[in-house]
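Below: the structure, in structure tokens.
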Amino acid sequence: MIVLDITIVNIALPSAQTDLGISDADRQWVITAYTLAFGGLLLLGGRLGDLFGRKRVFVIGLLGFAAASALGGGAQGPTMLFAARALQGAFGALLAPSALGLLSTTFSDPKERSTAFGIFGAIAGGGAAIGLISGGLLTEYLNWRWCLFVNTPIAIVTAISAFYLLTPDHIAKGRRVKLDLPGAFLGCGGLLAIVYGTSEAVTRGWGDWLVLGSLCLGVLMLLLFVLVEKRTPHALLPLHIVAERNRGGGALSVGLAMIGMFGVFLFLTYYLQIIKGYSPVMTGVAFLPMTGAIVLSSTGIAARLMTRVPSRNLIASGLLLAAGGLAVLTQITVTSAYVATVLPGELLLGFGMGLVFMPSMSLATLNVAPRETGAAAATINSAQQVGGSFGTALLNTIAASVTATYLASRVATDPLVQAQGAVHGYAVATTVAMVILLAAALIAFLMINHRPAPGEATGGAPAEADAEAAAGRQPQPDLHVARAANPEAARSRADAPAADSPATGSRRPDSLNPDPLRSES
């Protein structure tokens, strides 16, 4: 619901613009208001889940998302619609890290965890395509307002189910740590400024003073955020979360992958509708093979290999496969057939992305203390959202510039020349996206070194790591390295009894975040 809401209104936007009288200059805010609030507030949303309980924050986020969707569907003017989309993004920032945190703490068995993250990765990767399909169907056969109304019953049913099915993880008031308000302001403000700058670059250009000023301000605020987080005892984002090479490599892989994926969605949508003359529904249907490939790759391949194959092998291979799909799409022309060019590119891209999303999402919460799971989940979600926003702005600007240069030396009034110029712009921008994915594959291969152990349940940190995190100390070295160096000592530690975790009431910590060695023992 969160991911598809980024794209579901794309196809409905022309109808909404006509109905509400939105100007061409302001129509982008239907999309930007959502991405700004969502991308900018993710870190804060993740930390709130750690402080007040992920179940509570998850349910509140669902109910708020339902109300905001109803408000947007009933909008009577542009301002009301923009505000509703911003509220959707804000409550989505509560939902996304809480959902991933709950997933991490709920599934501890290696097979169950790999399957759960496979499904999660498939939904994260295919949600954008499903949004395009749903948007086309709802707009063509009902009304653009149903692209927003449809979220309300889904969110309400999910909230009721979560309330009764999820295990309570409420943290008593006297045991909560203080919220890092300076970190929240700098971190969220920096992300907001960067997302805003990249969004405005689509219409203003990268050289505009507002775009450059926003990007510079965002970078400056994030640098100050890092300095503040080093010195505060209750950091919004504990820096050891992103400093760990596996989580950092996973976040970079997802962020760079989303640059290419969101750009392809944008270009293929325009190519199929404007150049090939597809209807909104047929355009959505044309994306189904990519969605199916992502689902099959995540749940059928990556989920089974995650506990057997080193993570970097899966992620790097997936990025290379996706880059191969983009290489095929760079060959499209005005007369290209869907089956001969677009379909093979979609399938390669889908299979590759399925191998990237699932292990990267799992690495995001690898060996993280329970009370820091929300912050870790927010990090990977922030990388995904900022990567998608930045990629859309970057690639769209490149495509527009290349098309303008192409038409400047030709008869720009000829419809065929216009179509050729547009496709040439798409191809060049897709080439840039391909190079980014190749670079991401190299980064993933060099940074990620996680190797699954037999019987491993990569659910999170053991109780002692949780206590160390609460005390502000660095986590202990990786247990697999320790076991390789001293197997007998490691096995003795595996047989040690576990203490109750203060963050989860009377539940044993290994019921939520088992020690890999204890699980094997």
Item to check | Added length on full extension, which subtracts the Cα-Cα distance from 0.36 nm per residue, residue 239 to residue 336 | outcome: 30.1 nm
Checklist entry - Contour minus end-to-end for residue 76 and residue 209, with contour as 0.36 nm per residue of separation and end-to-end as the Cα-Cα distance? => result 44.5 nm
Checklist entry - Taking a temperature of 25 °C and a viscosity of 0.890 mPa s, what whole-number D in µm²/s does Stokes-Einstein yield for the stretch 289-404 with Rh from Kirkwood over alpha carbon pairs? => result 155
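At 0.36 nm per residue, and after removing the present C-alpha to C-alpha distance, how many nm does the segment from residue 416 to residue 26 gain when stretched out fully?
In short, 137.4 nm is gained.
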Item to check | Cα centroid separation - the stretch 285-300 against the stretch 391-446, whole Å | outcome: 25
Item to check | Theoretical FRET efficiency, 1/(1+(r/R0)^6), r = Cβ-Cβ of residue 19 and residue 141, R0 22 Å, to 0.05 | outcome: 0.85
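Throughout, read-outs are computed from the coordinates displayed, never taken from laboratory work. Note that the structure is predicted; figures quoted are calculated from it, not measured. Virtual Cβ from ideal backbone geometry, glycine too; neighbours counted across all protein chains shown.
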